[in-house]
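*Asks:* Once you've had a glance at the structure underneath, I'll fire off some questions.
The values are calculated or read from the model by the stated rules, or taken from the named source; none is laboratory data. This is a predicted model, so every value here is computed, not measured. Reconstructed Cβ throughout: ideal geometry from the backbone, glycine too, with neighbour counts over all protein chains shown.
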Amino acid sequence: MTAGRIISLFFFGALFIGLFSGSGCANIVPPSGGPRDSLPPVAVASSPKDSGTFVKEQKITIVFDEFVELKNANEKIIISPYPVKEPVYEYKLRTVTVRLKDSLLPNTTYNINFGDAIVDLNEGNVLKNFEFSFSTGASIDSNSLSGKIILAETGETDSTMFALLYKKQEDSTVSKEKPMYVARVDAQGNFRFSNLPAGQFYVYALKEEDGDKRYSSPLEQFAFLDSAVTIGATTAPVQLYAFAAEKQKPKMQSTAVDKAKGLIGNANVAAGAFDFLDTFTIAFPKPVRTLDVSKIKLVQDSVQTISNLTIKNDSVRKQIQIINNWKPGSKYQLFLDKGYAADTSGLAVLKVDTLAFRVKAEKEYGSLRIRFTGIDTGSHPVLLFYNNKDLVGGYPFNGKEFYRKLFKPGNYKIAILYDVNNNGVWDAGDYFAKPKRQPELVQPINKDVLVKENWDNELVIDAAASGTATRKQ
């Protein structure tokens, strides 16, 4: 071994010992290379080329300027025309590959919208709404259609819905066949189709759980336009109102019943006070089958027994209602003898009970007057009040002024229901009816209503400033 070789070995050996001596191990610190990369990947090449024509291959390869990966590709990538067979998505190093399983249609422009599926491998920077297009014919279709989807019952939007385009008009098409074009909906309810051919299309919107883009259940949010839209160089935006034709029935929760305690009801009395604007109720876990009103007695101010008391059994709401001409500020005692009620399972009230409460005084309420402009008075407006997103009241009014001498204090959100058929409730649409029926519309008002106790509360609201609820097509 030469002297140089011996010196070299000694040097590297000393260096190795020095690195791992002292504190017992070395602290390995990555080199600082400047600020963090915050830029998304950039496409630098592709096969076929973007916006290429006369394309025949079913494999699309896109190369980026850095290492990338695909996240939830099957959920986030939308290909139009919408494929019958699920494409295959792959990524490796700087390359993303899309393999189409369907045969390519002649003289057709294809659009691949990657959504936010493409991210760089190191920092996770998202390439948002990257689109790639090509044509099997001599030109690229450049027409577009934009629009907005609103939930008819609330006036809100839902970014999990999709806009759909069909060529066929038959009612069963949306249930049996996949759409020709699909567009994603953003948080504001907006959507946009690009690279469309000229011609007539039927526009729908859908929120479905199984991912097949077919309207298969009346529980699904669905929307439709009454007539076809002609796509051309300049096509006006469209607006759709989504509805669920049927509502999900709440699941019955089984609760353990202590038969030794018997049937127990709950009155709508809070902190010993009853809100006389409500109906006095006693609620039960199950509907009441038998009710003995002779075992129910109401006494006012400890001396006066109410003789003209009206008691009703509401089996739908699983409650009994006690209707009385309540005197504000007075005290009451409700005497409930054992056996006054029994439910549909045969469980009966086993104990005598007495409920003492007072009726709120008028000064514990406030008056409320709201003057409106910009309301469609011909569509039977109903003013809806919400507290923490719960509907707490609905009041038909003339569309110009709402007034209540007594109103429960609180901070409310409000909306206008346009009750076209004047039945007092919101009605869903029906796509399969003859003729088809659009849903009734609810217009949220972007202004809080604060009702103060023992106060004359007044405000003016321009409903048009909150957005109109008219149908645009």
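*Asks:* Somewhere in the range 177-184, is a residue modelled with pLDDT of 95 or more, of a type outside the set (Phe, Trp, Tyr) and farther than 30 Å from residue 156 by Cα?
*Replies:* no
*Asks:* Could you tell me whether any residue of the range 154-168 is over 20 Å from the mean Cα position of the chain (by Cα), among the polar types (S, T, N, Q) and modelled with pLDDT of 95 or more?
*Replies:* No, the conditions are met nowhere in the range 154-168.
*Asks:* Within the range 402-428, how many residues turn out to be part of a strand (DSSP E or B) and either on the phi > 0 side of the Ramachandran plot or within 24 Å of the chain's Cα centre (by Cα) (or both)?
*Replies:* Here the count works out to 9.
*Asks:* Give the range 318-348 a look and list any residue that's charged (D, E, K, R), touching a Ser or Thr at 6+ places or on another chain (Cβ under 9 Å) and either farther than 20 Å from residue 262 by Cα or outside the structural domain of residue 281 (by TED's automatic domain parsing) (or both), or say none.
*Replies:* If the condition is that a residue be charged (D, E, K, R), touching a Ser or Thr at 6+ places or on another chain (Cβ under 9 Å) and either farther than 20 Å from residue 262 by Cα or outside the structural domain of residue 281 (by TED's automatic domain parsing) (or both), then 331 is the only one that fits.
*Asks:* Within the range 32-84, which residues are at pLDDT 95 or above, surrounded by fewer than 13 Cβ atoms within 10 Å (Cβ to Cβ), closer than 23 Å to residue 193 by Cβ and in contact with a Lys or Arg (Cβ under 8 Å, 6 or more places away or on another chain)?
*Replies:* none
*Asks:* Now a separate question. Restrict the check to the range 219-235 and report whether at least one residue is exposed (fewer than 15 other Cβ atoms within 10 Å of the Cβ) and touching a Gly at 6+ places or on another chain (Cβ under 7 Å).
*Replies:* No, the range 219-235 contains no residue that is exposed (fewer than 15 other Cβ atoms within 10 Å of the Cβ) and touching a Gly at 6+ places or on another chain (Cβ under 7 Å).
*Asks:* Confirm whether residue 253 is polar (S, T, N, Q), in the same structural domain as residue 156 (by TED's automatic domain parsing) and either part of a loop (DSSP other than H, G, I, E, B) or modelled with pLDDT of 95 or more (or both).
*Replies:* Working: polar (S, T, N, Q): yes; in the same structural domain as residue 156 (by TED's automatic domain parsing): no; either part of a loop (DSSP other than H, G, I, E, B) or modelled with pLDDT of 95 or more (or both): yes.
Considered against the rule, which asks whether it is polar (S, T, N, Q), in the same structural domain as residue 156 (by TED's automatic domain parsing) and either part of a loop (DSSP other than H, G, I, E, B) or modelled with pLDDT of 95 or more (or both), residue 253 comes out as no.
*Asks:* Name the residue that is nearest to residue 178 (Cα to Cα), counting only residues in the range 70-107 that are among the β-branched types (Val, Ile, Thr) and over 30 Å from the mean Cα position of the chain (by Cα).
*Replies:* For the range 70-107, the residue satisfying everything is 88.
*Asks:* Exactly one condition in (1) within 40 Å of the chain's Cα centre (by Cα); (2) of a type in the set (Ser, Thr, Tyr); (3) surrounded by fewer than 17 Cβ atoms within 10 Å (Cβ to Cβ) is false for residue 365; which is it?
*Replies:* Going through the list (1) within 40 Å of the chain's Cα centre (by Cα); (2) of a type in the set (Ser, Thr, Tyr); (3) surrounded by fewer than 17 Cβ atoms within 10 Å (Cβ to Cβ), residue 365 breaks only (3).
To keep it simple, each residue is scored yes or no on (1) farther than 30 Å from residue 389 by Cβ; (2) among the polar types (S, T, N, Q); (3) out of contact with any helix residue (DSSP H, G or I) (no Cβ under 8 Å at 6 or more places or on another chain); (4) not assigned by TED's automatic domain parsing to the domain that holds residue 48.
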{"site": "84", "(1), (2), (3), (4)": "yes, no, yes, no"}
{"site": "88", "(1), (2), (3), (4)": "yes, no, yes, no"}
{"site": "109", "(1), (2), (3), (4)": "yes, yes, yes, no"}
{"site": "112", "(1), (2), (3), (4)": "yes, no, yes, no"}
{"site": "117", "(1), (2), (3), (4)": "yes, no, no, no"}
{"site": "121", "(1), (2), (3), (4)": "yes, no, yes, no"}
{"site": "125", "(1), (2), (3), (4)": "yes, yes, yes, no"}
{"site": "147", "(1), (2), (3), (4)": "no, no, yes, yes"}
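*Asks:* Which condition number does residue 286 fail, the rest of (1) more than 41 Å from the chain's Cα centre (by Cα); (2) part of a loop (DSSP other than H, G, I, E, B); (3) among the basic types (Lys, Arg) being met?
*Replies:* Answer for residue 286: the failing condition is (1).
*Asks:* Another question, then. Got at least one residue in the range 359-376 being touching a residue at least 12 places away in the same chain (Cβ under 8 Å), of a type in the set (Gly, Ala, Ser), out of contact with any strand residue (DSSP E or B) (no Cβ under 6 Å at 6 or more places or on another chain) and more than 30 Å from residue 246 (Cα to Cα)?
*Replies:* Yes; the residues of the range 359-376 include at least one that is touching a residue at least 12 places away in the same chain (Cβ under 8 Å), of a type in the set (Gly, Ala, Ser), out of contact with any strand residue (DSSP E or B) (no Cβ under 6 Å at 6 or more places or on another chain) and more than 30 Å from residue 246 (Cα to Cα).
Yes/no per residue for (1) farther than 18 Å from residue 178 by Cα; (2) within 32 Å of the chain's Cα centre (by Cα); (3) modelled with pLDDT of 95 or more:
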site: 229; (1), (2), (3): yes, yes, yes
site: 237; (1), (2), (3): yes, yes, yes
site: 242; (1), (2), (3): yes, yes, yes
site: 247; (1), (2), (3): yes, yes, no
site: 272; (1), (2), (3): yes, no, yes
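*Asks:* Among (1) in contact (Cβ under 8 Å) with a residue 24 or more places away in the chain; (2) surrounded by 14 or more Cβ atoms within 10 Å (Cβ to Cβ), there is one condition residue 403 misses while meeting the rest; what is its number?
*Replies:* Of the numbered conditions (1) in contact (Cβ under 8 Å) with a residue 24 or more places away in the chain; (2) surrounded by 14 or more Cβ atoms within 10 Å (Cβ to Cβ), the odd one out for residue 403 is (2).
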